1. Mind listing whichever residues of the stretch 90-113 are more than 22 Å from Phe133 (Cβ to Cβ) and either of a type in the set (Lys, Arg) or open to solvent by less than 20 Å² (accessible area, probe 1.4 Å) (or both)?
2. State whether the residues of the stretch 73-89 include one that is surrounded by 12 or more Cβ atoms within 10 Å (Cβ to Cβ), among the hydrophobic types (A, V, I, L, M, F, W, C) and over 30 Å from Lys201 (Cα atoms).
3. Can you tell me how many residues in the stretch 132-175 are aliphatic (A, V, I, L, M), in a strand (DSSP E or B) and within 28 Å of Leu69 (Cβ to Cβ)?
4. Can you name the residue in the stretch 262-271 that is modelled with pLDDT of 90 or more and not in a strand (DSSP E or B) and is also most open to solvent (accessible area, probe 1.4 Å) among such residues?
5. State which residue pairs qualify: first residue in the same structural domain as Tyr345 (by the TED database) and inside the stretch 278-298, second residue among the hydroxyl-bearing types (Ser, Thr, Tyr) and open to solvent by less than 20 Å² (accessible area, probe 1.4 Å) in any location, beta carbons under 8 Å apart, and separation of 6 or more residues or different chains.
6. When you look at Thr208, is it surrounded by fewer than 22 Cβ atoms within 10 Å (Cβ to Cβ) and hydroxyl-bearing (Ser, Thr, Tyr), yes or no?
7. So how many residues does the stretch 298-324 have that are part of a helix (DSSP H, G or I), closer than 23 Å to Leu265 by Cα and out of contact with any strand residue (DSSP E or B) (no Cβ under 7 Å at 6 or more places or on another chain)?
Amino acid sequence: KTPTFSSGLTAMEKKLAEYKCNTNEAIQLKLVRFPEDLEDDNTTFNPEYSHQVFGDDEVAFGYKGLKILLYYIAGNLSTFFRIEYTSKVNEKFDCVEADDVESKIREIIPPGFCTNTDDFVSLLEKEVNFKPFGMLLHTYSIHNEEAGEDITYQIYKADMTCPGFREYHERLQTFLMWFIETASFIDVDDERWNYFLVFEKYNKDGATLFATVGYMTVYNYYVYPDKTRPRVSQMLILPPFQGEGHGAQLLETVHRYYMSSPTVLDITAEDPSENYVKLRDFVLVKLCQDLLCFSPVKLMQGFSQEMVTEAQQKLKINKQHTRRVYEILRLRATNMGDAEQSRSYQLDVKRRLIGPYKKKQRELAKMRRCLRPEEMTHQLNQIDLNLQREQLEESFQQLVADYRRVLERLAQA
């Protein structure tokens, strides 16, 4: 009898599998400027992540053809939220309940959203009154191929005292859940947060309107006795605007903002992603390349305290980041086709890379004094010198490839 039971089960499983939806595909996001955007599939984009809301599988169970519509008015981010599906599990499936998708979304989007399109469209008409929050720091323009014209963008610094900003920020931060892997909402009542916002200026019926492009939050840590150390916490350029250079504009603007402050020691970042590190490399190299301490002659003499001091005093860059800037600029000044120059560069970078290995070696020496021989052999097997050499070479090649990309981007800037 067992086989029929198991095949019965698979039929049931098959049936249930039809009611599973990938939440990254089900969630449809839009930044709406014109009523026709609502029907236009080209304005839709999807999350990169939804595990923080729907679990590690990123699956919603209980629906066929599930669509979770989350539309935002481009500027003030007033929200429209609706769930659509072609069918939903019913009680015929014993004890199987559909996921409560709505309450999961309600947990992250602030109350006061629209649920029907008419209300949303009438809010869209009031968008002409929306103006950016805070103080204007920087204006720049980028040539848009599609539109065949230059588009103007502005970066503002805001805080919670700006009227309406608290509510706007609540709507804005919901995007973090979909685009930053380990995102969390911040405590906005802590006054040490600074907020930097990027807006696009666009025209609609002869009026100038503003659309949200992205933002960054920075926390000001206190450093004894009278300094602060701003730490970048979150940074997001919304997907429709990614790859256009806004991240670099934002990071450079924020750096310049803190550079002018005598109380700032240096700027750091919390748990930076790979992409952020690449962006930071580009921005910091761009800022540093004209400093005297980074002249080709000095680069060839090796990393120096002068570089550390000048980068920190003038540009608020910490020692670790200055070292990367030095390696990138030295690569540019090095003729890698020249065996002597190339070898000298490799040794210089690998000496830094081997630091963690050496630390491990010192820890092993300590362990040697207190472990039994057979345990020791096990530990030693884990650190095979040849493997170390291979890993070191691999790390070096990867780093040089990253550095070259930074230099290419710099050459085009």
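The values are calculated or read from the model by the stated rules, or taken from the named source; none is laboratory data. This structure is a prediction, so every number in the text was calculated from the model and none was measured. Methodologically, a virtual Cβ is constructed for each residue, glycine included, from the backbone with ideal geometry; neighbour enumeration extends over all protein chains shown. When the accessible area is computed, the model is the full protein with side chains, heavy atoms only, and any ligands, DNA or RNA have been set aside. Shrake-Rupley method; radii C 1.70, N 1.55, O 1.52, S 1.80 Å.
1. First, pick out the residues of the stretch 90-113 that are more than 22 Å from Phe133 (Cβ to Cβ): 90-107.
Result: Lys92, Val101, Lys104, Ile105, Arg106.
2. Checking the stretch 73-89: at least one residue is surrounded by 12 or more Cβ atoms within 10 Å (Cβ to Cβ), among the hydrophobic types (A, V, I, L, M, F, W, C) and over 30 Å from Lys201 (Cα atoms).
3. Let us first name the residues in the stretch 132-175 that are aliphatic (A, V, I, L, M), namely 135-137, 142, 147, 151, 155, 158, 160, 172.
From what's left, in a strand (DSSP E or B): 135-137, 142, 151, 155, 158.
When the remaining residues are screened for being within 28 Å of Leu69 (Cβ to Cβ), the result is 151.
Residues flagged as aliphatic (A, V, I, L, M), in a strand (DSSP E or B) and within 28 Å of Leu69 (Cβ to Cβ) within the stretch 132-175 amount to 1.
4. Quick first cut of the stretch 262-271, residues modelled with pLDDT of 90 or more only: 262-269.
With the extra rule that they be not in a strand (DSSP E or B), the set shrinks to 262-263, 265-266.
Values: Pro262: 104, Thr263: 64, Leu265: 47, Asp266: 6 Å².
Looking at residues that are modelled with pLDDT of 90 or more and not in a strand (DSSP E or B), I get Pro262.
5. That search, which allows pairs on different chains as well, returns nothing.
6. Values: surrounded by fewer than 22 Cβ atoms within 10 Å (Cβ to Cβ): yes; hydroxyl-bearing (Ser, Thr, Tyr): yes.
When the stated conditions are applied, Thr208 passes them.
7. Filtering the stretch 298-324 down to residues part of a helix (DSSP H, G or I) leaves 298-300, 305-315, 319-324.
After this cut, where a residue has to be closer than 23 Å to Leu265 by Cα as well, the list is 305-315, 319-324.
This time we only want the ones that are out of contact with any strand residue (DSSP E or B) (no Cβ under 7 Å at 6 or more places or on another chain), so: 305-310, 312-315, 319-324.
So the count comes out to 16.
Per-residue answers, yes or no, for (1) more than 13 Å from Leu38 (Cβ to Cβ); (2) modelled with pLDDT under 95:
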| site | (1), (2) |
| --- | --- |
| Ile73 | no, no |
| Ser78 | yes, no |
| Phe81 | yes, no |
| Thr86 | yes, yes |
| Asp100 | yes, yes |
| Asn116 | no, yes |
| Glu125 | yes, yes |
| Met135 | yes, no |
